Amino acid sequence: MDQHAIRAISADDMQAVNALILQRLQSDVALINQLGVYIVNGGGKRMRPLLAVLAARALGYDGDQHIKLATIIEFIHTATLLHDDVVDESELRRGRDTANALFGNAASVLVGDFLHTRSFQMMAELGNLRIMEILAETTNIIAEGEVMQLMNCNDPSTTEESYFQVIYCKTAKLFEAATRLGAVLCGSTPELERAMQDYGRYLGTAFQIIDDVMDYTSASTEMGKNVGDDLAEGKPTLPLIYAIQQANDQQRALLVEAIVERNGLERLDEILNILTQTGAIDYSQRRAQEEAAKAKAALDILPAGHYRQALYELADMAVARIS
């Protein structure tokens, strides 16, 4: 099953999700409409709401609450993007100007707040306290992850353990919620719910590792942001952390200076060579593949069918983006 087949089996559900996104974006405040539509229509793949839809369907759900749930997930994700781009002072996302570059930081932060609060309105409409508890915990942990990442910036002593904790909180946690809540909607057994939770966590971790690798391996046209953005922001992601461990003294000094001084773009070619020579890119890819394999293994408990196969294939696709 390829990407087109996955989109085909989820087309009706995702069309309903997109329609609800646009409907619930509406506000009497013109700037919210303008900025909200800009960011939501920004070319994203809707990966997280797609996971919510596929997970519910894979477990046999035949209602319509998964559409609202998927929309909530996307609003939380979009709010996080708006805030992230302000914190990171980013100017490019998905190949377009960021909202903060066009509308300013204040508008981006406030519209992000609107999306967060709109998502909680919609959670209340679902009338399921357990779903609200899981999503409330999720949004809180995402915020903690962003703060932890901020603390790690410009710190070349950041460990792999700390890195994985950050990406679990800021990325994998929302993947985990998207797939886990599909099981909650279905009233699934604790074993099935845990399996879906594990799938989302491992998939989200693999996805973020590959994103971090792509910061050093992809053209900006492929990635939708500038090569070396993480380096310019002083973020010690897995390729850099591993390279520092494996590098010789001269190489290590260059990498440490790049993280501390945020001057890595000036010597980007040298740093890319170090990442290659130390095997940091290959190592990071292997770690992503390990996480994707664990995600696929978590699906073994699910009933066979097109939707389970789609989830399985998405794990492979997450790590194949740089192959």
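The values are calculated or read from the model by the stated rules, or taken from the named source; none is laboratory data. Computed from a predicted model, the values in this text were never measured in an experiment. Methodologically, a virtual Cβ is constructed for each residue, glycine included, from the backbone with ideal geometry; neighbour enumeration extends over all protein chains shown.
Take the residues of the range 272-301 that are among the polar types (S, T, N, Q) and under 21 Å from the mean Cα position of the chain (by Cα): which is nearest to Ile244 (Cα to Cα)?
Within the range 272-301, the subset among the polar types (S, T, N, Q) is 273, 276-278, 284-285, 289.
So of that shortlist, the ones also under 21 Å from the mean Cα position of the chain (by Cα) come out as 284-285, 289.
Details: Ser284: 13, Gln285: 17, Gln289: 22 Å.
The residue in question is Ser284.
Could you check the range 33-91 and list, in sequence order, the residues that are in contact with an Asp or Glu (Cβ under 6 Å, 6 or more places away or on another chain) and under 18 Å from Asn128 (Cα atoms)?
Selection gives Val53 alone.
Filter the range 161-170 down to the residues that are in contact (Cβ under 8 Å) with a residue 24 or more places away in the chain and either of a type in the set (Phe, Trp, Tyr) or surrounded by fewer than 21 Cβ atoms within 10 Å (Cβ to Cβ) (or both) and list them by number. Even if it seems obvious, please write down each step before you answer.
So the first thing to find is which residues in the range 161-170 are in contact (Cβ under 8 Å) with a residue 24 or more places away in the chain, and the list is 163-164, 167-170.
Within the range 161-170, Tyr163, Phe164, Tyr168 meet the criteria.
Leu92 fails exactly one of the following numbered conditions: (1) under 15 Å from the mean Cα position of the chain (by Cα); (2) in contact (Cβ under 8 Å) with a residue 60 or more places away in the chain; (3) farther than 24 Å from Ala310 by Cα. What is the number of that condition?
(1)
Only one of (1) surrounded by fewer than 23 Cβ atoms within 10 Å (Cβ to Cβ); (2) of a type in the set (Val, Ile, Thr); (3) more than 25 Å from Lys173 (Cα to Cα) fails for Ile274. Which number is that?
Of (1) surrounded by fewer than 23 Cβ atoms within 10 Å (Cβ to Cβ); (2) of a type in the set (Val, Ile, Thr); (3) more than 25 Å from Lys173 (Cα to Cα), only one is false for Ile274: (1).
What number of residues within the range 174-193 are of a type in the set (D, E, K, R) and either touching a Phe, Trp or Tyr at 6+ places or on another chain (Cβ under 6 Å) or surrounded by fewer than 24 Cβ atoms within 10 Å (Cβ to Cβ) (or both)?
We begin by selecting, within the range 174-193, every residue of a type in the set (D, E, K, R); these are 176, 180, 191, 193.
The next check asks that each one be either touching a Phe, Trp or Tyr at 6+ places or on another chain (Cβ under 6 Å) or surrounded by fewer than 24 Cβ atoms within 10 Å (Cβ to Cβ) (or both); those that pass are 191, 193.
Number of matching residues: 2.
For the range 124-135, indicate whether the set of residues that are in contact with a Ser or Thr (Cβ under 8 Å, 6 or more places away or on another chain), in contact (Cβ under 8 Å) with a residue 24 or more places away in the chain and assigned to a helix (DSSP H, G or I) is non-empty. Before the answer, list the steps.
First, the residues of the range 124-135 that are in contact with a Ser or Thr (Cβ under 8 Å, 6 or more places away or on another chain): 135.
Pick out the ones that are also in contact (Cβ under 8 Å) with a residue 24 or more places away in the chain and you get 135.
Then drop every residue that is not assigned to a helix (DSSP H, G or I), which leaves 135.
So far as the range 124-135 goes, yes, one or more of its residues are in contact with a Ser or Thr (Cβ under 8 Å, 6 or more places away or on another chain), in contact (Cβ under 8 Å) with a residue 24 or more places away in the chain and assigned to a helix (DSSP H, G or I).
Among the listed residues Leu69, Leu59, which satisfies the condition of being touching a Cys at 6+ places or on another chain (Cβ under 7 Å) and either among the acidic types (Asp, Glu) or touching a residue at least 60 places away in the same chain (Cβ under 8 Å) (or both)?
On the way: Leu69 fails: touching a Cys at 6+ places or on another chain (Cβ under 7 Å).
Step by step, each of Leu69, Leu59 is checked, and only Leu59 is touching a Cys at 6+ places or on another chain (Cβ under 7 Å) and either among the acidic types (Asp, Glu) or touching a residue at least 60 places away in the same chain (Cβ under 8 Å) (or both).
Which residue is modelled with the highest pLDDT, if the candidates are limited to the range 16-35 and must be polar (S, T, N, Q) and farther than 15 Å from Ile72 by Cα?
Residues of the range 16-35 that are polar (S, T, N, Q), as a first pass: 18, 23, 26-27, 33-34.
Checking the rest, the ones that are also farther than 15 Å from Ile72 by Cα come to 27, 33-34.
Values: Ser27: 91, Asn33: 87, Gln34: 87.
Ranking the qualifying residues of the range 16-35, first place goes to Ser27.
Could you please let me know if Glu257 is farther than 27 Å from Asp316 by Cβ, surrounded by 14 or more Cβ atoms within 10 Å (Cβ to Cβ) and touching a residue at least 60 places away in the same chain (Cβ under 8 Å)?
So Glu257 does not fit the description; no.
Matching residues to (1) among the β-branched types (Val, Ile, Thr); (2) crowded, with 16+ Cβ neighbours inside 10 Å; (3) closer than 30 Å to Gly187 by Cβ:
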| position | (1), (2), (3) |
| --- | --- |
| Val86 | yes, yes, no |
| Leu92 | no, yes, no |
| Leu126 | no, yes, yes |
| Leu135 | no, yes, yes |
| Thr138 | yes, yes, yes |
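Sort out which residues of the range 149-169 are modelled with pLDDT of 95 or more and either assigned to a helix (DSSP H, G or I) or charged (D, E, K, R) (or both), and write them in order of number.
Result: Asp155, Glu160, Glu161, Ser162, Tyr163, Phe164, Gln165, Val166, Ile167, Tyr168, Cys169.
Among (1) among the small types (Gly, Ala, Ser); (2) in contact with a helix residue (DSSP H, G or I) (Cβ under 8 Å, 6 or more places away or on another chain); (3) closer than 24 Å to Leu22 by Cα, which single condition is Ala106 missing?
Failed condition: (2).
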